[in-house]
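Inspection log for the structure reproduced underneath, given as structure tokens.
The values are calculated or read from the model by the stated rules, or taken from the named source; none is laboratory data. Given the structure is predicted, the values throughout are model-derived calculations rather than measurements. Neighbour counts are summed over all protein chains in view; Cβ atoms, including those assigned to glycine, are modelled from backbone coordinates with ideal geometry. Ligands, DNA and RNA are excluded from the accessible area calculation, which covers all protein heavy atoms including side chains. Shrake-Rupley method; radii C 1.70, N 1.55, O 1.52, S 1.80 Å.
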Amino acid sequence: MTTSSTGPALFIAGRIPLTDVMERLALDRPVFHSEADFQHGFARALWELEPGIGSRLEVAQHAQGRVERLDLLCTGSGGRTAVEFKYPTRSWAGEAGSPAEEFALRNHAAADLARRDYVFDMARLERFCNRPDQNGLSLLLTNNPSLWALPKPRTRPSRDHAFRIHQGRELTGTLLWGQGDHAGNTRTLRGSYRMDWRPYSRQPGPGGEFRYLAAAVTALHS
């Protein structure tokens, strides 16, 4: 069975801890305009900390007879790391960064789809990590507290109940969307992933707190 970890145990390309990259990134880029901006900023911060690690965006991956695009592939003498990014936001406007920039973040109201898409990335990475020197990282940054907060009790489970990613939640096995009546959304995770949210940055006003979640695929599977 695949084993996995979250948090400081994860190294990028076997060389540098993810926490170091995120701390460096937050110094100049506490907020991003878009997911693509997040990807680019991450690759730049990684290069600044460890120039020996190469970063390539939108790399073709061949897995299970299909060709899929990977957000970022990091390669170095210590190994390879496949990274998938997600950046769902709630509304926030203000200045941030060094030098300061103006931001006007959109409200991505569909938190259930954000959870679903994050789990989809985890399943994709399990397919991509098919060589002994490669691990995977599903990385989500958000200012939407409904993604990390414990959900309120409900009389009936929500359709994304199996895909919840709040603090302390553990995801593993076959995850059904709703009652399983949307087969295209079903995903099976071979690994066991405990959700561990970490602080990223804090900006003024509602929606100004940003946290990130990292789930790492760290072993081969059949």
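For the stretch 19-26, backbone phi angles converted through the Karplus equation (6.51, -1.76, 1.60; θ = phi - 60°) give residue-by-residue couplings of 4, 5, 5, 5, 5, 5, 4, 5 Hz, Gly and Pro being listed as x.
Surface composition of the stretch 45-201: carbon plus sulfur atoms hold 49% of the accessible area, using a 1.4 angstrom probe and ignoring ligands, DNA and RNA. The fraction of Cα-Cα pairs per 10 angstrom bin, counted from 0 for the chain, comes to 8, 34, 37, 18, 3, 0 percent, rounded to whole percents. GNM on the chain, alpha-carbon springs under 10 angstrom: the most fluctuating residue among Ala183, Ala13, Ala96 is Ala183. At a probe radius of 1.4 angstrom, the accessible area of the stretch 105-222 per residue rounds to 48 square angstrom. Among residues other than Glu126 with Cβ under 14 Å from its Cβ, the summed charge is +3 (Lys and Arg +1, Asp and Glu -1). Each of Asp133 and Val59 was given a label point 7 Å from its Cα along the Cα-to-Cβ line. The distance between the two points is 1.1 nm.
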